[in-house]
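Undergrad: Structure incoming, see below.
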């Protein structure tokens, strides 16, 4: 074993914690922007416009500009990335709309439903096996989702839309032959 493994693990943990912190603050940012008069489509458009140069920098830093050119010359790959783009636009559109219209609980419920859909997709589409601990986790998560859905007091259509669009995005991206930075940049 080399010293790189603990360093990579530490870096992954730090990255995950930063992502969760950003993810936790985003609804507050979106609500503040909505309070200032910005609509959900405007907020989403800014996200896209500011993400493009950031993604380009990531591609350059990762040394993947050659891969980006290669992907852009493959019509099939561009088609799949176009479909994944549609799924993530639907997902983020619903998420931003939910958080700017005081439906944050429904948005978060969608992201709690999503792992259940990911597990189902893994079993059905990718022939993944789930052990007894996995089934126990799925059962507990399903009970939690059911309780929250009932507490909502109405069918969680927004939550289901968020979960389905993100699960579809994940399935599509798993099948696309492009690294994360390259795919993000093209999307």
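Undergrad: For the structure I just gave you, tell me whether residue 68 is farther than 23 Å from residue 180 by Cβ, in contact (Cβ under 8 Å) with a residue 40 or more places away in the chain and crowded, with 19+ Cβ neighbours inside 10 Å.
TA: The answer is no for residue 68.
Undergrad: Considering 138, 172, which residue is within 13 Å of the chain's Cα centre (by Cα) and surrounded by 14 or more Cβ atoms within 10 Å (Cβ to Cβ)?
TA: Residue meeting the stated conditions: 172.
Undergrad: Would you confirm whether or not the range 90-102 contains a residue that is surrounded by fewer than 19 Cβ atoms within 10 Å (Cβ to Cβ) and under 19 Å from residue 25 (Cβ atoms)?
TA: yes
Undergrad: If you don't mind, there's one more thing I want to ask. Which condition number in (1) over 30 Å from residue 72 (Cβ atoms); (2) crowded, with 17+ Cβ neighbours inside 10 Å is the one that residue 129 fails?
TA: (2)
Undergrad: Evaluate the range 152-165: report whether one residue or more is assigned to a helix (DSSP H, G or I) and more than 30 Å from residue 81 (Cα to Cα).
TA: Taking every residue of the range 152-165 in turn, at least one turns out to be assigned to a helix (DSSP H, G or I) and more than 30 Å from residue 81 (Cα to Cα).
Undergrad: Can you tell me how many residues in the range 175-187 are part of a loop (DSSP other than H, G, I, E, B) and surrounded by 18 or more Cβ atoms within 10 Å (Cβ to Cβ)?
TA: 3
Every number here is computed from the coordinates shown, using simple stated rules; none is lab data. Just so it is clear, the structure is predicted and the values come from calculations on it, not from any experiment. Virtual Cβ from ideal backbone geometry, glycine too; neighbours counted across all protein chains shown.
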